């Protein structure tokens, strides 16, 4: 038995639901495939935090009632030695802490209310490709086993990227992601015996000792409940994040170590800039499958919703014009890269720098204010970093052997600006893409070289 739809979306996370809802509101017949039961769609190992500005940007109603656990004014970033704390707050730092299960149920319901057909407890196995176009997906599940055909497909399946991995070859389309661009994270939900001292801020602890290439986080979800976890860069030789998490809270946060565990789970999380090309023939890639995350902290809820809405709009336009090739879907690349993607690409340069620094470098840079709290917020919101270091300070740093760290920071700041401008000029014509891609690779190779130099 076969089913046929205008659009088939694999994955009912935030990106998949927004894609499906947007397309169905435009009159398309849409199928949403999800491996989990509908009531558990939102369950995932992540920080559960999403900035308020993401809801504003796409016109989505704020979470409320059981969806909303807590609200944060900002985040505090703690140096490896615990001596320096950056207090990052402002409009761009305000965030919601979600009950992912309840929020997921809401997004699914909103999609169903527009006429989307949900196939939950159904696993997408692989795409079927005919004449270099994806034309169907093979699935298995409790409700249906067989082939689902469609005119266009969206891969919102997360890191597994079940469609992306076997997509038709098109210029610069990446089927795989390097392990160095992934984090292996472990997350727990805990309830404390007493109340937290500070419930208005989330905490990020920088520590190469416990979390090489990553960090430890602690986000309040109430006066006694927390979402807390640790991620490490997913390269050979790095420690098991669950073991590192346990050791960190025992050594640094004993009150968290004593708290009762409600849930614990791990996951791979992309931490790089978006895929250089997110479309193939008959396919758009959304959310974690497209690496649409903030490369500094791995947050992907907001970007996935932004991309999902844009993907749905792109599909409507492409079907109206009768062109679902990668050229017909190219608008999705252009609009995402010139907008949110340019910030993510710039922050990817900063991510490479941070992963190259030692705890001693981080302690020194934060304690001396080489980057200010305001710069951290601006970097997070706009993808830019400014360094204002006087000649007197440069002379002092040279005298104590710290000038090379400042040089790396200055070179990184300059490169971030170049990368952001480069992405804001993403080519509207696919024929100009390969030239753009060559320059992209050159810029990021330069970022890796900066990171490799000793600070």
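The values are calculated or read from the model by the stated rules, or taken from the named source; none is laboratory data. Keep in mind that this is a model prediction, so the values were computed, not measured. All Cβ positions, even for glycine, are placed from backbone atoms using ideal geometry, and neighbour counts span all protein chains on display.
Among the residues examined, residue 210 qualifies as in a loop (DSSP other than H, G, I, E, B) and either buried (at least 20 other Cβ atoms within 10 Å of the Cβ) or free of Cβ contacts under 8 Å to residues at least 40 places away in the same chain (or both). Inspection of region 430-443 finds a residue satisfying the criterion of being modelled with pLDDT of 95 or more, farther than 21 Å from residue 279 by Cβ and out of contact with any strand residue (DSSP E or B) (no Cβ under 8 Å at 6 or more places or on another chain). In summary, residue 426 fulfils each of the numbered conditions (1) crowded, with 20+ Cβ neighbours inside 10 Å; (2) assigned to a helix (DSSP H, G or I); (3) touching a helix residue (DSSP H, G or I) at 6+ places or on another chain (Cβ under 9 Å); (4) modelled with pLDDT of 70 or more with the single exception of condition (2). Tell me, please, whether a residue that is part of a strand (DSSP E or B), in contact with a helix residue (DSSP H, G or I) (Cβ under 6 Å, 6 or more places away or on another chain) and at pLDDT 95 or above can be found in region 121-137. Within region 121-137 (the criterion being part of a strand (DSSP E or B), in contact with a helix residue (DSSP H, G or I) (Cβ under 6 Å, 6 or more places away or on another chain) and at pLDDT 95 or above), the answer is yes, since at least one residue qualifies. For first residues located in region 251-267 and more than 23 Å from residue 234 (Cα to Cα), partners that are exposed (fewer than 13 other Cβ atoms within 10 Å of the Cβ) and lie 6+ apart or on another chain with Cβ distances below 6 Å form the pairs 257/250. Looking for something closer than 30 Å to residue 61 by Cβ, buried (at least 16 other Cβ atoms within 10 Å of the Cβ), in the same structural domain as residue 168 (by TED's automatic domain parsing) and touching a strand residue (DSSP E or B) at 6+ places or on another chain (Cβ under 6 Å) - is there at least one such residue anywhere in region 122-138? Yes, that holds for at least one residue. Go through region 11-27 residue by residue and tally those that are surrounded by fewer than 22 Cβ atoms within 10 Å (Cβ to Cβ) and outside any helix (DSSP H, G or I). Qualifying residue count for the region: 2. Taking region 255-286 as the range and being farther than 22 Å from residue 433 by Cβ and under 17 Å from the mean Cα position of the chain (by Cα) as the test, the residues that pass are 266, 267, 268, 269, 271.
Tell me, which residue of region 214-256 that is touching a helix residue (DSSP H, G or I) at 6+ places or on another chain (Cβ under 6 Å) and surrounded by fewer than 17 Cβ atoms within 10 Å (Cβ to Cβ) is modelled with the highest pLDDT? Only one residue fits best here, namely 250. All of (1) touching a strand residue (DSSP E or B) at 6+ places or on another chain (Cβ under 8 Å); (2) closer than 19 Å to residue 302 by Cα; (3) part of a loop (DSSP other than H, G, I, E, B) hold for residue 35 with one exception: (2). Exactly one residue among 281, 277, 294 is more than 15 Å from residue 45 (Cβ to Cβ) and at pLDDT below 95, and that residue is 294. Among residues of region 109-127 that are touching a residue at least 60 places away in the same chain (Cβ under 8 Å) and on the phi > 0 side of the Ramachandran plot, those with a Cβ under 9 angstrom from a residue that is surrounded by fewer than 21 Cβ atoms within 10 Å (Cβ to Cβ) and assigned to a helix (DSSP H, G or I), sequence gap 6+ or separate chain, pair up as 115/25; 121/38. Do we find that residue 29 is touching a helix residue (DSSP H, G or I) at 6+ places or on another chain (Cβ under 7 Å) and more than 30 Å from residue 362 (Cβ to Cβ) in this structure? Considered against the rule, which asks whether it is touching a helix residue (DSSP H, G or I) at 6+ places or on another chain (Cβ under 7 Å) and more than 30 Å from residue 362 (Cβ to Cβ), residue 29 comes out as no.
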